[in-house]
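Okay, so here's the structure we're looking at.
Each value in this text was obtained by applying a stated rule to the coordinates, not by laboratory testing. As the structure is a computational prediction, the values presented were derived from the model and not from experiment. Note that each Cβ is placed from the backbone with ideal geometry, even for glycine, and that neighbours are counted across all protein chains shown.
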Amino acid sequence: MPKRGKKYKESAAKYDKANLYEVSEAMGLVVETSKAKFDETVEVHIKLGVDGRHADQQVRGAIVLPHGTGKSKKVLVFAKGPKAQEAEAAGADYVGAEELAQRIQTENWFDFDVVVATPDMMGVVGRLGKILGPKGLMPNPKSGTVTMDVEKALQEIKAGKVEYRLDKTNIIHTPIGKASFGTEKLQDNFNALLEAVVKAKPAAAKGQYLRSVTVASTMGPGIKVNPALIQF
């Protein structure tokens, strides 16, 4: 077990590890236990009662959070011609085609947070699957990052769009803002995310869908939310 610092121990003493909290209480505690000198990111970790190994039990999507994430994202767009011009006009940080794909392959270049591609560019982008995939950067129609509406995709990403997807242990890890947002804004973002995840419940999922929900700041302890009180 790693040794815990003084600030972590002080924060942990402010809540009951065994308790399941109501959403507003949990958000208040995550703000109160955020003690780092920087503005900590607040993340939600959602354990689902599904088996992501089966295609009919996958949970994946994207949502624009009401108050954004508090982080500006650099966006790379693979597009040509008029769509490349549209991307540049809409505020893309990088726009290109084969030359950018080669730069990623040969220079290990990753000065971007999100990749958007028009459908006609997926032949080029597809060759980067083994590089972008493990980093969670591969464009996907379900997350709205493979699209002809480049302007809309960029507007949503810049406004605070987040993607949610299962990891190998059937847990979703998604940021919902910064500790400086305060309780109410974090609660709004939390509710928007959870509503989207609940609506994305696969028909093949059986039993309890929301197994556990935990919120935590970057350096703070995990605060458990009572799944039974999350209703939409």
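Worth pointing out:
- Each Cα pair under 8 Å and six or more residues apart adds its sequence gap; the mean of these over the residue count of the chain is a relative contact order of 40 percent.
- Computed [θ] at 222 nm, helices only, for the chain once each DSSP H run of length n ≥ 4 contributes -39500 (n - 2.57): -9000 deg cm²/dmol
- Which of 172, 220, 92, positive extreme of dipole for the chain (C-beta unit charges): 220
- Percent RCO, i.e. relative contact order, over segment 25-122, from Cα pairs under 8 Å lying at least 6 residues apart: 24
- Our estimate of slack between residue 156 and residue 120, defined as 0.36 nm per intervening residue step minus the Cα-Cα distance, is 10.8 nm.
- Förster radius 30 Å - calculated FRET efficiency between residue 184 and residue 130 (Cβ-Cβ, nearest 0.05): 0.10
- Values of log10 I(q)/I(0), in the order q = 0.10, 0.12, 0.13, 0.15 Å⁻¹, for segment 7-125 under a Debye, Cα-only, solvent-free model: -0.57, -0.76, -0.84, -0.95
- FRET efficiency, residue 74 to residue 47 (Cβ-Cβ, R0 30 Å, nearest 0.05): 0.45
- FRET efficiency estimate (nearest 0.05) - Cβ-Cβ, residue 108 to residue 211, R0 41 angstrom: 0.65
- For residue 77, residues with placed amide H under 5 Å, excluding near neighbours: 94, 95, 96, 116
- Each Lys and Arg contributes +1 and each Asp and Glu -1, all at the Cβ; summed about the Cα centre of the chain, the dipole is approximately 960 debye.
- Kirkwood hydrodynamic radius computed over segment 85-138 comes to 11.7 Å, based on all pairs of distinct alpha carbons.
- Cα centroid of segment 149-197 to Cα centroid of segment 39-91, whole Å: 8
- Taking the convex hull of Cα positions in the chain, its mean projected area over all directions (nm²): 14.3
- Most fluctuating residue given options 33, 169, 106, as computed from a GNM of the chain linking Cα atoms under 10 Å: 106
- Long hydrophobic helices in the chain: the complete DSSP H runs spanning 18 Å or more by Cα along their own axis with mean Kyte-Doolittle hydropathy of at least -0.5 are 183-199.
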